[in-house]
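Please read the structure below before turning to the comments.
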Amino acid sequence: MTLYVFKVLIIGPGAVGKTSLLHRFVEDNFSFRYKLTIGADFLSKVIQEYPKPGSTIKMQIWDIGGQERYKFLRSSFFDGANGALIVFDLSRWRTFEEIDEWLSDLYEYAGDDVPFALIGNKADLINSKNELYERESAQVFAKKENTFYIETSAKTGEKVEDAFLNLAELMIKNIRSN
Ligand code: G3D
Ligand code: MG
């Protein structure tokens with residue numbers, strides 16, 4: 001029996017859906033009524049028999065909440081993180097341009113070997129038949145950082161579990177290589 005305990009961060013610009021992704025993954029629901037998150041908060045999720053029979057992953061998932069502007073608070077938030085979801089909003093591409101800054105914060109405060117997943121959220125708002133040229137930029141960005149890019153919807157639940165589980169696998173690999 002193997003137990004993995006991971007501290008996972010959800011970071012990115014305001015209103016991209018960080019709190020909604022957290023609730024979708026942990027409680028499998030979506031509400032338009034989450035309050036603007038004040039202060040950092042976390043929820044726990046236990047995944048049994050994953051990634052293989054006999055192992056369990058416990059994720060303590062931290063939501064950076066409304067602190068985006070208060071950089072000074074970030075250091076304790078980032079401390080001891082095992083991985084992160086860096087989220088932008090597919091319906092507002094300028095949020096993608098802020099991702100670089102979030103990644104440097106992650107590397108600076110949590111360590112530059114911390115794995116992350118790049119998440120384009122609100123996939124339900126874009127027409128999948130439309131070719132987004134920016135989608136390629138997101139893929140290139142992720143590839144350059146040796147990670148993956150995934151498009152989710154906290155509203156419909158699409159790919160939300162995949163995003164967290166794929167990150168879990170990167171975190172497990174990262175323990176083994178350290
Ligand atoms: P944040 O925690 O990153 O600041 P929130 O973002 O989770 O608070 O979400 C911001 C707004 O986007 C909320 O709408 C929320 O309902 C909406 N949202 C989050 N994820 C999705 C999604 O996947 N699809 C769609 N269509 N909307 C989403 P309001 O209206 O409450 O501001
Ligand atoms: Mg929030």
**Asked** Which of (1) in contact (Cβ under 8 Å) with a residue 24 or more places away in the chain; (2) closer than 25 Å to TYR50 by Cα is the odd one out, the single condition LEU125 does not satisfy?
**Response** (2)
**Asked** Counting just the residues of the stretch 60-88 that are at pLDDT 95 or above and in a strand (DSSP E or B), which one comes out farthest from ligand 1 (Cβ to nearest atom)?
**Response** GLY83
**Complete:** All conditions in (1) modelled with pLDDT of 95 or more; (2) surrounded by 14 or more Cβ atoms within 10 Å (Cβ to Cβ); (3) not polar (S, T, N, Q) are true of TYR50 except (1)
**Message:** What's the number of the only condition in (1) modelled with pLDDT under 90; (2) among the small types (Gly, Ala, Ser); (3) assigned to a helix (DSSP H, G or I) that SER20 fails to meet?
**Reply:** (1)
**Complete:** Per the list (1) closer than 26 Å to PHE30 by Cα; (2) outside any helix (DSSP H, G or I); (3) modelled with pLDDT of 90 or more; (4) hydrophobic (A, V, I, L, M, F, W, C), residue check on VAL114 breaks on (1)
**Item:** Qualifying positions in the stretch 14-31 - in contact (Cβ under 8 Å) with a residue 60 or more places away in the chain and either among the small types (Gly, Ala, Ser) or touching a Pro at 6+ places or on another chain (Cβ under 9 Å) (or both)
**Value:** ALA15, GLY17, SER20
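The values are calculated or read from the model by the stated rules, or taken from the named source; none is laboratory data. Note that the structure is predicted; figures quoted are calculated from it, not measured. Cβ: placed from backbone, ideal geometry, glycine included. Neighbour counts: every protein chain shown.
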